[in-house]
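Trainee: What follows is a structure written as structure tokens; I'll ask about it next.
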Amino acid sequence: MNIVVTNDDGLHTSGIWALARALCAVGHVTVVAPDREQSGVGMGISFTRPVKVEEMVSRIEGVKALAVEGTPADAVILAVQGFSPGPVDLVVSGINEGANLGQNVLVSGTVGACFQAHFWNIPAIAVSVATLKGAQFDPAAQTAAHLATLFRDGVLTGPLLLNVNLPNVPLAEIKGVSITRLAKGKYFDTLEKVPSHKHDYYWLARGKSEWAMDEGTDAWAMKQKHISITPLHMDLTAETNAPHLDEVLTRLRAGLRG
Ligand code: MN
């Protein structure tokens, strides 16, 4: 089984190597990841410039490591189009420092890499730990390896995209595993002006998040100290039969007739 490991925190972070090390027990691992932090770039692809790819000194013997001057999705495209030694059977992205809950799956580079795999019907697992500092990677790495084994052994089949979040506690303190849906909520993003003599610059900081703690959601699972597994798919279409849309059609048709 050919496994591509990527992330959005960059090839230099510990999370990706903890993940790659655990996955070596499951299949043939190739690490292809951004050469710097790319958190928040979502599914973005570098269409407007060439992307540098450089082989790096690997932290794991026998595992090839490629640094990509681009996005996590770029890394997946490069891996699938030639930098993996064979057809890619599974993409695993992480281990991200910081949970990827609710609407954040559309912003996350960790999950974005998995969506790129998903667009090509390649199974993918995004793995995140719910802390921004001092993440405990071991439970997340073990969880990813277990899930990868289920793909390898045919227990999990088809192009699934699993978004996995873990509370930042040791394995012994994890209270359960839940299949979840995305929580409803939002982030309070803030602007911070950067003093400069000529132009105005701003840091767009991801502020505090606030989630509705409905039972069965990913945010709820974090609070319960559960491992959260949210199956995702790419169809973002909302209800098309809603009455207000009929009104839109009536008015637009009338309007366009003049
Ligand atoms: Mn990140």
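The values are calculated or read from the model by the stated rules, or taken from the named source; none is laboratory data. None of the values given here were measured: they were computed from a predicted structure. No Cβ is skipped: glycine too gets one built from the backbone with ideal geometry, and neighbour counts run over all protein chains shown.
Trainee: Among the residues of the range 25-37, is any touching a Pro at 6+ places or on another chain (Cβ under 8 Å) and on the phi > 0 side of the Ramachandran plot?
Mentor: No, the range 25-37 contains no residue that is touching a Pro at 6+ places or on another chain (Cβ under 8 Å) and on the phi > 0 side of the Ramachandran plot.
Trainee: Quick one: in the range 188-211, which of the residues that are among the aromatic types (F, W, Y) and within 24 Å of G102 (Cβ to Cβ) is modelled with the lowest pLDDT?
Mentor: F188
Trainee: If I go through the range 173-231 residue by residue, how many of them are under 21 Å from L132 (Cβ atoms), aromatic (F, W, Y) and touching a strand residue (DSSP E or B) at 6+ places or on another chain (Cβ under 6 Å)?
Mentor: Summing the residues that are under 21 Å from L132 (Cβ atoms), aromatic (F, W, Y) and touching a strand residue (DSSP E or B) at 6+ places or on another chain (Cβ under 6 Å) in the range 173-231 gives 4.
Trainee: Could we say that G109 is within 25 Å of T149 (Cα to Cα), of a type in the set (G, A, S) and within 11 Å of the ligand (Cβ to nearest atom) here?
Mentor: Taking the combined requirement at face value, the residue satisfies it.
Trainee: Okay, next question. Which ones in the range 131-146 are of a type in the set (G, A, S) and surrounded by 14 or more Cβ atoms within 10 Å (Cβ to Cβ)?
Mentor: A135, A140, A141, A144, A145
Trainee: Restricting attention to the range 224-258, and to residues there that are under 22 Å from P123 (Cα atoms) and touching a residue at least 24 places away in the same chain (Cβ under 8 Å), which single residue is surrounded by the most Cβ atoms within 10 Å (Cβ to Cβ)?
Mentor: S228
Trainee: Moving to a separate point now. Would you say A25 is within 20 Å of the chain's Cα centre (by Cα) and within 24 Å of Q136 (Cα to Cα)?
Mentor: Numbers: within 20 Å of the chain's Cα centre (by Cα): no; within 24 Å of Q136 (Cα to Cα): yes.
Here the answer is no, as A25 does not meet what is asked.
Trainee: I need the full set of residues from the range 1-60 which are touching a residue at least 40 places away in the same chain (Cβ under 8 Å), of a type in the set (D, E, K, R) and within 16 Å of the ligand (Cβ to nearest atom), in order please.
Mentor: Of everything in the range 1-60, those that are touching a residue at least 40 places away in the same chain (Cβ under 8 Å), of a type in the set (D, E, K, R) and within 16 Å of the ligand (Cβ to nearest atom) turn out to be D8, D9.
Trainee: Also, I was wondering about something else. When the residues of the range 26-54 are narrowed to those that are in a loop (DSSP other than H, G, I, E, B) and charged (D, E, K, R), which ends up surrounded by the most Cβ atoms within 10 Å (Cβ to Cβ)?
Mentor: D35
Trainee: Applying the selection to the range 61-89, what residues are among the hydrophobic types (A, V, I, L, M, F, W, C) and surrounded by 24 or more Cβ atoms within 10 Å (Cβ to Cβ)?
Mentor: Hits for the range 61-89 are V68, A73, A75, V76, A79.
Trainee: Let me confirm something: among V76, V80, V111, V127, which residue is under 24 Å from D214 (Cβ atoms) and part of a helix (DSSP H, G or I)?
Mentor: V111
Trainee: Can you tell me which residue in the range 116-128 is surrounded by the most Cβ atoms within 10 Å (Cβ to Cβ), limited to those that are more than 10 Å from the ligand (Cβ to nearest atom) and either of a type in the set (S, T, N, Q) or under 8 Å from the mean Cα position of the chain (by Cα) (or both)?
Mentor: Here the answer is A126.
Trainee: Those residues that are within 13 Å of the ligand (Cβ to nearest atom) and of a type in the set (G, A, S), I need them from the range 61-106; list them, please.
Mentor: S93, G94, G98, A99
Trainee: Please return the ranges of strands (runs of 3 or more DSSP E) entirely within the range 155-218 where 1 or more residues are of a type in the set (A, V, I, L, M, F, W, C) and touching a residue at least 24 places away in the same chain (Cβ under 8 Å). Let's see the steps before the verdict.
Mentor: Values: elements: 161-166, 176-179, 185-187, 190-194, 201-205, 209-211.
Once the strands (runs of 3 or more DSSP E) in the range 155-218 are filtered for at least 1 residues that are of a type in the set (A, V, I, L, M, F, W, C) and touching a residue at least 24 places away in the same chain (Cβ under 8 Å), what remains is 161-166, 176-179, 209-211.
Trainee: Being under 17 Å from the mean Cα position of the chain (by Cα), at pLDDT below 95, within 14 Å of the ligand (Cβ to nearest atom) and within 30 Å of E210 (Cβ to Cβ): is that true of L132 here?
Mentor: When the stated conditions are applied, L132 passes them.
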